[in-house]
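Worksheet: one structure, shown below.
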Amino acid sequence: MTLYPKLILDALQNVRYPGTGKSIVEMGMVEDDIHISGNHVSFSILFEKPNDPFMKSVIKAAESAILTYVSEDVEIKGNIEARAKQSAPPEPVKLLPLVKNIIAVSSGKGGVGKSTVAANLAVCLSQMGYKVGLLDADIYGPSVPKMLHVEDARPHLEQMDGRDLIIPVESYGVKVLSIGFFVNKNDAVVWRGSMASNALKQLIADANWGELDFFLLDLPPGTSDIHLTLVQTLAVTGAIVVSTPQEVALADARKGISMFTGEKINVPVLGLVENMAWFTPAELPENKYYIFGKEGCKRLSEEMNIPLLGQIPIVQSICEGGDNGKPVALNQDSITGKAFTQLAENTVKQVEYRNKNLAATKRVETKKF
């Protein structure tokens, strides 16, 4: 007698799993690994649990069914393997489910005013009525606490749903966390990359950020594993790259853009910010002196087809505001206040444009199926 898989499956249709009234074939318990060699037959039966109480009786019934409905000459005893089904991995927990948009503020090099831009952008968004959070992710040079006048603040813990969560400090309507709150401000932070990454994860996952319209990440300058950690930990909406018009800074800005748009990170760049675009004396507000070059970021934005979100001039009040903990964005009628307001408005437009396109893409992909 010639044996073939359908004969075996037909015989196994007579084997019922106890309590269900269904055959083990109907329940999908018989694996597609039926091996036949002459009269020798072997295959596997899948069970929900490795300690299924009916395992032995089902295997014995399967052996009997094959010997009864196929042939007594079939070599089947001891050839049926019992296996437990592989359970699907649990769905990953989405971090910050109450946060609508996460924006990474980055720079290719230090000294271009990235943290100044991040802090003032956060304040502007808050003044526009949005709920805003700001994470100072610059582990080795945290400056946001000083800029927002909370340098001496110490966040406290609050128990929620059985967990001890860090409560962010609030300043000018912005929820703020920084490694600067947890270390002596005069001590250098000398940590390996993994320690820094773990600290940032804790400030994100173990903090009560609550509902936010915008969550800004003030990233360290350059490109590092911290950037990878953050974009792999969070669903970043987009990145803002800050640079001065200087060619040296623009070269590093290109690298930053390349990092975000590369395969490993793949985060859209919302736009460029040209900081220190020109110098304007307070007593001569109409005058512009291009100390670091003229419109370098504008040319870069045109070259790389990336929006120029804003141009921030140099005025003495920016430095004074940063040192005194009073962001210049608070004075919306000033030259820099207007520049940061325009930056905030353009950022909101780009985020809305990006989200609208993303929603449209998802609808198209859904229709395909």
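The values are calculated or read from the model by the stated rules, or taken from the named source; none is laboratory data. This is a predicted model, so every value here is computed, not measured. Neighbour counts are summed over all protein chains in view; Cβ atoms, including those assigned to glycine, are modelled from backbone coordinates with ideal geometry.
For this structure, a couple of remarks:
- Across segment 217-234, a minimum of one residue is classified as charged (D, E, K, R), closer than 30 Å to Leu95 by Cα and part of a helix (DSSP H, G or I).
- Any hit, segment 24-43, residues being at pLDDT below 90, touching a Lys or Arg at 6+ places or on another chain (Cβ under 9 Å) and surrounded by 11 or more Cβ atoms within 10 Å (Cβ to Cβ): yes
- Checking each residue in segment 38-64 for being out of contact with any Asp or Glu (no Cβ under 9 Å at 6 or more places or on another chain) and closer than 21 Å to Thr2 by Cβ picks out Ala62, Glu63.
- Segments classed as strands (runs of 3 or more DSSP E), wholly inside segment 108-211, with at least 1 members that are assigned by TED's automatic domain parsing to the domain that holds Phe260 and over 22 Å from the mean Cα position of the chain (by Cα): 157-160, 163-166, 169-171
- The selection criterion, being crowded, with 24+ Cβ neighbours inside 10 Å, in contact with a strand residue (DSSP E or B) (Cβ under 8 Å, 6 or more places away or on another chain) and touching a residue at least 40 places away in the same chain (Cβ under 8 Å), does not hold for Leu203.
- Filter pass, Glu263 being more than 18 Å from Gly108 (Cβ to Cβ) and not in a helix (DSSP H, G or I): yes
A quick yes/no check of all residues on (1) in contact with a Phe, Trp or Tyr (Cβ under 9 Å, 6 or more places away or on another chain); (2) at pLDDT below 90; (3) polar (S, T, N, Q); (4) crowded, with 22+ Cβ neighbours inside 10 Å:
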{"position": "Gln86", "(1), (2), (3), (4)": "no, yes, yes, no"}
{"position": "Pro90", "(1), (2), (3), (4)": "no, yes, no, no"}
{"position": "Gly111", "(1), (2), (3), (4)": "no, yes, no, no"}
{"position": "Val123", "(1), (2), (3), (4)": "yes, no, no, yes"}
{"position": "Ile139", "(1), (2), (3), (4)": "yes, yes, no, yes"}
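- Test for Val174: is it modelled with pLDDT of 95 or more, buried (at least 16 other Cβ atoms within 10 Å of the Cβ) and aliphatic (A, V, I, L, M): yes
- Of the residues making up segment 10-38, those that are part of a helix (DSSP H, G or I) and farther than 15 Å from Glu63 by Cβ number 1.
- Only listed residue being touching a Leu at 6+ places or on another chain (Cβ under 9 Å), without any contact (Cβ under 8 Å) to a residue 60 or more places away in the chain, in the same structural domain as Gly133 (by TED's automatic domain parsing) and farther than 20 Å from Pro145 by Cα, chosen from Thr244, Thr229, Thr237, Thr233: Thr229
- The listed residue being part of a loop (DSSP other than H, G, I, E, B) and crowded, with 17+ Cβ neighbours inside 10 Å, out of Phe292, Phe340: Phe292
- When segment 213-241 is limited to residues that are over 21 Å from Gly113 (Cα atoms) and surrounded by fewer than 19 Cβ atoms within 10 Å (Cβ to Cβ), the one that is modelled with the highest pLDDT turns out to be Asp213.
- Looking across Val273, Val269, one residue alone is at pLDDT 90 or above, buried (at least 19 other Cβ atoms within 10 Å of the Cβ) and farther than 24 Å from Ser334 by Cα. It is Val269.
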